[in-house]
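Throughout, read-outs are computed from the coordinates displayed, never taken from laboratory work. Every value quoted in this text rests on a predicted model; they were computed, and no experiment measured them. Backbone-built Cβ (ideal geometry, glycine too); neighbour counts: all protein chains shown.
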């Protein structure tokens, strides 16, 4: 099994306290061949970490770790929150620095955060997930990023209010998201953090991945969404198995924001 972890955070993100060097040391112990440090660039005025991300500091850490750990392929990456809404702020940063891969993520629907319980208390399950997927589809259509992060993110908290997430109840929304990915050449990730939280599901589920394949999707990346060293590459066997059963053909590797290799699963 190839261990390419394309979603890892460091203390360049407000919600992670682990320095990049410690993440690299753990990755090497686990046999990880390639790692992408995808620290948060969030721009919503209500984000707690607004203004926290410093690309100068981040790239200093990247350079230091690349020199210290030449045996580990280290990608310069970033997780951009709601790029379609904050593009005027995001674009200059992406153009000024040499990122290998850019993740797009959605945490806000309007001025409501999907990690806030009020988002779910004010909505029926169908409405809560549909509004999220509709905004996600708009984000993908805007583009500006390479990989779609944790496609069904709201289920992490939503399961506490609605019960276990059932992808079958949201097939039309998933298909709209997948079509936008295919149209705009955005690669979905399989995010394993969903197995480490109460929702206890991969992002996305097997059923949703099968729809992606049915519609012509072939490519994925895999990311742990690690905020702690012990989470790096966690549950990657489950992600690989899910991808194979769904019919995914390729695991993608990136460099300079281009797919450089599509590895058969």
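Run the simple label-point estimate for residue 160 and residue 196 please: 7 Å along Cα→C-beta, distance reported in nm.
For residue 160 paired with residue 196, the spin-label model returns 1.8 nm.
With the contact rule set at Cα under 8 Å and sequence spacing of 6 or more, what percent relative contact order holds for the chain?
Worked out over the chain, it gives 20 percent.
On alpha-carbon atoms, Rg over Rh for the stretch 1-149 using Kirkwood Rh?
A ratio of 1.00.
At q = 0.13 Å⁻¹, work out log10 I(q)/I(0) for the chain with the Debye formula, treating every Cα as an identical point scatterer and leaving solvent out; two decimals please.
-0.79
Gain in length, residue 88 to residue 185, computed as 0.36 nm per residue apart minus the alpha-carbon separation, to one decimal in nm?
Between residue 88 and residue 185, full extension yields an extra 32.7 nm.
To check you understand DSSP bridge types, tell me what percent of the beta bridges within the chain (both residues inside) are antiparallel, rounded to 5.
Given both bridge residues lie in the chain, the antiparallel proportion sits at roughly 25 percent.
R0 = 25 Å: FRET efficiency of residue 17 with residue 118, Cβ-based, nearest 0.05?
Once rounded, the FRET efficiency stands at 0.40.
Name the residue, out of 250, 119, 161, whose mean-square fluctuation peaks in a Gaussian network model built on the chain with Cα pairs under 10 Å.
Top of the fluctuation ranking is 161.
What length, rounded to one decimal in nm, is gained on full extension from residue 72 through to residue 262, with 0.36 nm per residue of separation minus their alpha-carbon distance?
So the chain would gain 66.5 nm between residue 72 and residue 262.
Would you compute, from DSSP H runs of 4+ residues alone, the mean residue ellipticity of the chain at 222 nm, taking -39500 (n - 2.57) per run and dividing by the full residue count, rounded to the nearest 500?
Taking each H run of at least 4 residues, the total per residue is -11500 deg cm²/dmol.
Take every DSSP beta bridge whose two residues both sit in the stretch 25-131, then give the antiparallel share in percent to the nearest 5.
The antiparallel fraction comes to roughly 15 percent.
Taking 1 over the mean of 1/r across every pair of different Cα atoms in the stretch 125-265, what Kirkwood radius in Å do you get?
15.2
Calculate the length of the line joining the C-alpha centroid of the stretch 155-197 to that of the stretch 240-265, in whole Å.
18
Residues in the stretch 27-51 near a label at residue 95, defined as backbone nitrogen under 16 Å from the 7 Å Cα→Cβ point?
Once the point is set 7 Å along Cα→Cβ of residue 95, nothing inside the stretch 27-51 turns out to lie under 16 Å by backbone N.
Relative contact order (percent) for the stretch 163-265, with alpha-carbon contacts under 8 angstrom and 6 or more residues of separation?
For the stretch 163-265, the relative contact order is 24 percent.
Mind giving me the nanometre distance, one decimal, between the label points for residue 238 and residue 28, set 7 Å out from Cα along Cα→Cβ?
2.9
For labels at residue 56 and residue 111 in the simple 7 Å Cα→Cβ model, what's the distance in nm?
Using points 7 Å along Cα→Cβ, the separation is 3.3 nm.
Full-extension gain between residue 46 and residue 2, please, as 0.36 nm times their residue separation minus the C-alpha to C-alpha distance.
12.0 nm
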